[in-house]
Amino acid sequence: MDIHHHIAQRLRELRGARGYSLDALAQRSGVSRSNISLIERGESSPTAAVLDKLAIGLGVALASFFDESADGGAAHEGAAAPSPHIRAADQPRWQDPASGYVRRRLSPPAPSPLQLVEVVFPPGQRVALDSAVPGADIHQQVWLLEGRMELTVGDTLWPLAAGDCLGMQLNQPIVFHNPGTVPARYLVALATVAPFAALAPIAPRSQPPARVTKTTTPPTARRKP
């Protein structure tokens, strides 16, 4: 499936799973209703910034738009389970229309709390993401393989050289910037520690049953008929 149609399908699935109308998601995300509709029909190629806004409005990580679809990630009756192996040629690639950075999902289709992504980031480009995912404990590590990057996590600037690795939690804004003159290439590892509150609501804890104390009539109180 073409990556743009895959994103369109995932957006429809995620919005439908939460019962959000187009207007509701537009209000929650700050992305216009018409733009969401175009993306869902595969007629618009959203930027990373737009996908980030939609992800926050849906209460998921941006990476969720590149996950396997519900009908492709789960095995149907009589169908083979999702494979734990994926060839390099089959790994889906997506390019941000605004910055030109290329994202390649390395992880196979089989479900896993860990996801690996390779990114090639053009020189001089900058991408700012809110990255505050409510109701989820998502951790991310960036391992720079080639070039230079500057990551601003919250209010802290982290300059990265080849071989450096930076860990962070997706609960605050993150700015990616390549200050060099050559493309930077890095590996991203994402792990979900706790389930999304929106996907797995916690049921109210039931009260323990009242303790019943069994009483026995003292022998002296027993009477024969």
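Inverting the pair-averaged 1/r between distinct Cα atoms of the range 1-122 gives 15.1 Å as its Kirkwood hydrodynamic radius. Distance between the 7 Å Cα→Cβ label points at E118 and R104: 0.3 nm. The modelled label-to-label distance between R93 and H139, using points 7 Å beyond Cα along the C-beta direction, is 3.2 nm. Residue by residue, the range 40-54 carries 3J(HN,Hα) couplings of 5, 8, x, 9, 9, 9, x, 7, 4, 5, 5, 4, 4, 5, 5 Hz when phi is fed to the Karplus relation 6.51 cos²θ - 1.76 cosθ + 1.60 (θ = phi - 60°); x denotes Gly or Pro.
For the listed peptides 183-192, 163-172, a ranking on the average number of other beta carbons within 10 Å per residue, highest first, reads 183-192, 163-172.
Sequence-ordered 3J(HN,Hα) estimates for the range 94-108 from the Karplus curve with 6.51, -1.76 and 1.60 and θ = phi - 60° stand at 9, 10, 5, x, 7, 9, x, 6, 10, 10, 10, 7, 8, 5, x Hz, glycine and proline given as x. Quick check: net charge around V153, other residues with Cβ under 14 Å of its Cβ, Lys/Arg +1 and Asp/Glu -1? Net local charge, V153 excluded: -4. Taking label points 7 Å from Cα along the Cα-to-Cβ direction, N171 and T156 give a separation of 1.3 nm.
FYI, it's all coordinate maths here, none of it is from the lab. Note that the coordinates shown come from a computational prediction; the quantities given were computed from them, not determined experimentally. Positions of Cβ are generated from backbone atoms using ideal geometry, with glycine treated the same way; all protein chains shown enter the neighbour counts.
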